[in-house]
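Worksheet: one structure, shown below.
The numbers here are math on the coordinates, done by the rules we state, and not lab data. Not measured: the values here are computed from a predicted model. Counting neighbours? That spans all protein chains shown, and the Cβs are built from the backbone with ideal geometry, glycine included.
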Amino acid sequence: MSNKATESKLAALHNAVAQVLTEQVLHEEEETTFDGEGETVGTGIMLKTATPALLATAARFLKDNDITCDVEQDENMSGLKDLLSNKQRHSRLKDATEEAKAH
């Protein structure tokens, strides 16, 4: 008797992990605040709840499964690339490599 999982069981597990990660990454909850009586009330603003650890796990899952995207063709990735580029331009530390060489 073999203790190895069948290919179909492994595929089902892989699918379940992908589904759970997707649901958790996309999960949103309404932001809340307190009213005059101290009661919790919703603001109507929906916020993503994924933690950095969850996002890192999802990124690792994608990497381990060779899932990539083309930054030039993906609008969201292109926007992120531009945002990071602008952030680096406005950073106090222009070039970490040059700064490291100076010390």
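Quick notes
- Taking Cα centre as origin and charging only the Cβ of basic (Lys, Arg, +1) and acidic (Asp, Glu, -1) residues, the dipole magnitude of the range 1-68 rounds to 760 debye.
- For residue 50, no residue has an amide H sitting under 5 Å from its own, ignoring neighbours fewer than 5 places away on the same chain, with H placed 1.01 Å from N.
- In this rough spin-label picture, where each label sits 7 Å from Cα along the Cβ direction, the residue 49-residue 66 distance is 3.6 nm.
- FRET efficiency, residue 77 to residue 27 (Cβ-Cβ, R0 25 Å, nearest 0.05): 0.70
- Ranked from largest, the principal axis spans of the Cα set of the range 18-80 equal 52, 24, 17 Å.
- Descending Cα extents along the principal axes, the range 1-52, whole Å: 67, 18, 17
- Estimated from the Cβ-Cβ distance and a Förster radius of 30 angstrom, the FRET efficiency linking residue 10 and residue 86 is about 0.10.
- The residues packed around residue 69, meaning those with a beta-carbon under 14 Å from its beta-carbon, carry a net charge of -3 if Lys and Arg are +1 and Asp and Glu are -1.
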